[in-house]
Structures are given as C-alpha cells and as structure tokens.
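The values are calculated or read from the model by the stated rules, or taken from the named source; none is laboratory data. Keep in mind the model is a prediction, meaning the values are calculated, not measured. Because the Cβ atoms are built from the backbone with ideal geometry, glycine has one as well, and the counts that use them run over all protein chains shown.
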C-alpha cells in the first residue's frame with residue numbers, strides 16, 4: 001500500500017513538472033502570451049505590466065485635420081422692424097471630403113451667408129465658395145482652392161448600426177476643435193426635417209458650432225455630417241442626449257449631385273399617402289401599396305387623374321411597398337419622365353400615366369418673432 005501511494009505521488013509530481021516545462025516553452029516561443037499573463041509578470045518580471053488605457057487618439061488624428069471651422073457673414077430679414085435687413089454672423093463646422101477642395105457642411109450654417117471663411121486646423125484660412133445647398137437634407141457644399149488639403153477617411157461601404165461607438169468633431173461655441181463621444185442610438189430616423197433624409201440619432205453631444213462637423217467611427221472613418229440638437233430644434237424642450245447627423249452615404253450622394261448641377265434635382269408626384277396592408281397569415285401583415293390621402297391641385301398626380309383613396313400598387317412596373325421606397329423612386333426620376341402607374345379604385349384596377357415634375361424649392365415654415 002505505501003508503495004502504491006508513493007507511485008501516485010511520483011506520477012503527480014512528474015505530470016506537474018512536464019506541464020511546467022511545456023508552459024515555459026510556450027511563453028518562450030510566443031512572447032505575446034507573457035504580456036498579459038498575471039502569473040508570469042508576478043514571477044518573472046520585476047516591474048508592473050505596461051498600462052494600455054482605451055484611447056481613440058488614433059481615430060481623432062486620422063479625422064480631425066479634415067474638420068474645419070466655418071465663419072459666415074450675411075443678412076437676414078427682421079420681421080419685427082418693418083422687414084429691415086440686419087447683419088448676422090454664424091459659426092459652424094465642415095468636413096473636407098476630397099483633395100480637390102470640396103467641403104460638406106450643414107445647410108443652416110451657411111444659409112443667407114454673403115461671405116464664408118474656412119479655417120483649417122493647421123492655421124490656413126480660405127474664403128470659400130458656396131457651390132449649392134439642399135435644405136431637404138440640411139446639407140451644403142463649399143469649395144476652396146488649395147493644395148495639400150487633409151481629407152477625412154471615407155469607407156463607401158460603411159453602414160451604421162445602433163450601438164456603434166461614434167465621435168463628433170467640431171467647434172462648439174468657437175472654443176476650438178472639440179471631440180465628444182457616444183454611441184449610435186438609432187438609424188433611419190425619418191421625417192425630422194423632411195421626408196428625404198433618414199438621420200442617424202446618437203448621444204455624442206453637438207452644440208452651437210458643431211453643426212456641419214464630422215461624425216466618425218472608432219477608426220476615424222466618416223459616419224455622418226452633424227446636423228442638429230433635438231432640444232434646440234424645439235422651443236423650451238429639455239431633451240438630453242438626442243442628437244442627429246446625416247448619414248455619410250447620403251451626404252456623399254448629395255455632394256455629387258450638387259457638384260454636378262449646383263443643386264439637387266428631384267422628381268415630384270404631388271400627393272401624400274400612407275401604407276396599406278393585407279393579412280397574409282395569422283400573425284403577418286404584408287404591405288401592398290400606398291393609399292392616397294391628399295392630391296395637390298394642379299400637380300402631376302392630379303393631372304394624371306389620381307384621386308384620394310386610390311391605392312397605388314405599382315409605379316413603372318415596380319411593386320409599391322412603402323412611403324420611403326415610393327419617395328426614393330420618384331425623387332430619382334428625371335423631371336419630364338412619363339411613368340405608368342397602376343392603381344386600385346373601388347375594387348377595380350386601373351393604369352394611368354403620370355408626367356413627373358421637379359420637386360419645388362423647399363421653404364421652411366416661418367419662425368415666431
């Protein structure tokens with residue numbers, strides 16, 4: 001019996017010795033295993049392990065040089081004093097998105113501006129030219145003529161998701177370039193300023209002067225163009241942590257259109273509607289079209305014979321399943337194009353032809369004095 005116990009202890013000792021040798025060999029062959037191993041550091045290292053705090057300094061270094069300060073001078077009509085003009089100065093931010101001098105910013109930053117100045121982080125300043133703007137998406141395109149311009153990193157395939165970490169870069173209150181951090185709270189927020197922009201909602205703080213600046217991811221790639229603060233957009237609203245940005249993909253699409261035409265040309269149908277559904281199973285409702293709720297007098301839909309309560313089933317052969325899809329389809333259609341539209345009226349299916357017109361200029365509702 002004692003001999004058996006002795007053999008058992010010997011076996012355990014030999015096994016532990018072999019395991020120790022294997023462990024030491026692994027640590028020797030793979031040094032990265034030693035770096036974060038507490039036991040190795042305690043036994044074999046005389047100093048504490050190197051601290052590696054989480055930092056987004058690399059992302060900021062990649063993106064921040066391309067974020068500019070924007071200063072404008074202009075005039076606005078003061079309705080309180082017999083519609084006299086009064087001088088105004090505005091502050092905002094912008095993002096250099098191409099090395100040939102194009103800058104994206106928020107439309108409300110440069111609205112009514114007669115002079116626009118752009119200040120880079122390296123100390124250079126330029127007078128900028130307004131190429132065009134799009135109030136429907138709160139975007140504007142500026143141009144400066146210079147060489148060696150820093151450009152924000154862009155990934156054309158980047159798609160934001162709720163929970164993504166983001167950094168907002170801008171010049172709040174003219175304090176100088178400032179970084180705020182948060183996450184994407186939601187995507188696809190529609191109808192906030194118009195029906196032509198699905199905003200990114202985030203909780204990275206933006207304040208006066210941040211508008212038009214960059215929203216970037218943890219690698220410094222452009223996620224969006226900062227637009228507005230939910231609370232400041234609504235009088236006496238105390239909301240916190242609700243901010244919005246135009247997605248980068250949409251902003252770059254608008255940039256190309258403005259750079260080409262000086263404005264964004266959208267098709268227009270001249271009606272309002274809402275989705276209508278049919279029940280295809282016990283717990284599933286499937287969209288089957290748009291029920292018309294309003295037709296603009298004299299508009300394209302009115303001239304084609306579309307009336308309220310008609311259900312639009314197809315446009316140009318495409319089945320209609322939602323308002324956003326319909327808006328995008330019409331907006332991307334060249335004005336003057338004749339499209340076949342299939343509708344359902346009082347149970348009978350009909351085909352009409354609609355001549356698409358150009359979307360009228362956007363005029364925001366007048367603010368209270």
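Quick check on my filter: what residues within the range 118-152 are assigned to a loop (DSSP other than H, G, I, E, B) and without any contact (Cβ under 8 Å) to a residue 24 or more places away in the chain? Outline the logic, then answer.
Of the residues in the range 118-152, the ones assigned to a loop (DSSP other than H, G, I, E, B) are 120-124, 128, 135-138, 144-152.
Result: 123, 124, 147, 148.
So which of 169, 183, 179 is assigned to a strand (DSSP E or B) and closer than 21 Å to residue 110 by Cβ?
Values: 183 fails: closer than 21 Å to residue 110 by Cβ; 179 fails: closer than 21 Å to residue 110 by Cβ.
Only one candidate passes the filter, namely 169.
Does the range 325-340 include one or more residues that are in contact with a helix residue (DSSP H, G or I) (Cβ under 6 Å, 6 or more places away or on another chain) and surrounded by 15 or more Cβ atoms within 10 Å (Cβ to Cβ)?
Residues of the range 325-340 that are in contact with a helix residue (DSSP H, G or I) (Cβ under 6 Å, 6 or more places away or on another chain), as a first pass: none.
No - not one qualifying residue is present in the range 325-340.
If you take the residues of the range 80-107 that are at pLDDT below 75 and in a strand (DSSP E or B), which of them is farthest from residue 130 (Cα to Cα)? Can you show your working first?
Filtering the range 80-107 down to residues at pLDDT below 75 leaves 80-87.
Those left that are additionally in a strand (DSSP E or B): 84-87.
Details: 84: 25, 85: 21, 86: 21, 87: 19 Å.
Ranking the candidates gives 84 first.
The conditions are (1) out of contact with any strand residue (DSSP E or B) (no Cβ under 6 Å at 6 or more places or on another chain); (2) free of Cβ contacts under 8 Å to residues at least 24 places away in the same chain; (3) under 21 Å from residue 137 (Cβ atoms), and residue 272 fails exactly one of them. Which is it?
Just one mismatch for residue 272, condition (1).
Hey, any hits in the range 275-290 for a residue that's part of a strand (DSSP E or B) and at pLDDT 90 or above?
Step one: of the range 275-290, the residues part of a strand (DSSP E or B) are 275-281, 284-290.
Subset that is at pLDDT 90 or above: none.
The answer is no, given that none of the residues of the range 275-290 is part of a strand (DSSP E or B) and at pLDDT 90 or above.
Just checking, does the range 66-75 include any residue being in a helix (DSSP H, G or I), modelled with pLDDT of 90 or more and within 27 Å of residue 262 (Cα to Cα)?
Let us first name the residues in the range 66-75 that are in a helix (DSSP H, G or I), namely 66.
With modelled with pLDDT of 90 or more added as a condition, the list becomes 66.
Now restrict to residues that are within 27 Å of residue 262 (Cα to Cα): 66.
Yes - at least one qualifying residue is present in the range 66-75.
Filter the range 310-352 down to the residues that are assigned to a loop (DSSP other than H, G, I, E, B) and farther than 19 Å from residue 278 by Cβ and list them by number. Spell out the reasoning first.
To start, the set of residues in the range 310-352 that are assigned to a loop (DSSP other than H, G, I, E, B) comprises 310, 316-317, 320-322, 332-337, 346-347.
Within the range 310-352, 316, 317, 332, 333, 334, 335, 336, 337 meet the criteria.
Can we say residue 197 is part of a loop (DSSP other than H, G, I, E, B) and either under 21 Å from residue 324 (Cβ atoms) or at pLDDT 90 or above (or both)? Reasoning before the result, please.
Numbers: part of a loop (DSSP other than H, G, I, E, B): yes; either under 21 Å from residue 324 (Cβ atoms) or at pLDDT 90 or above (or both): yes.
The answer is yes for residue 197.
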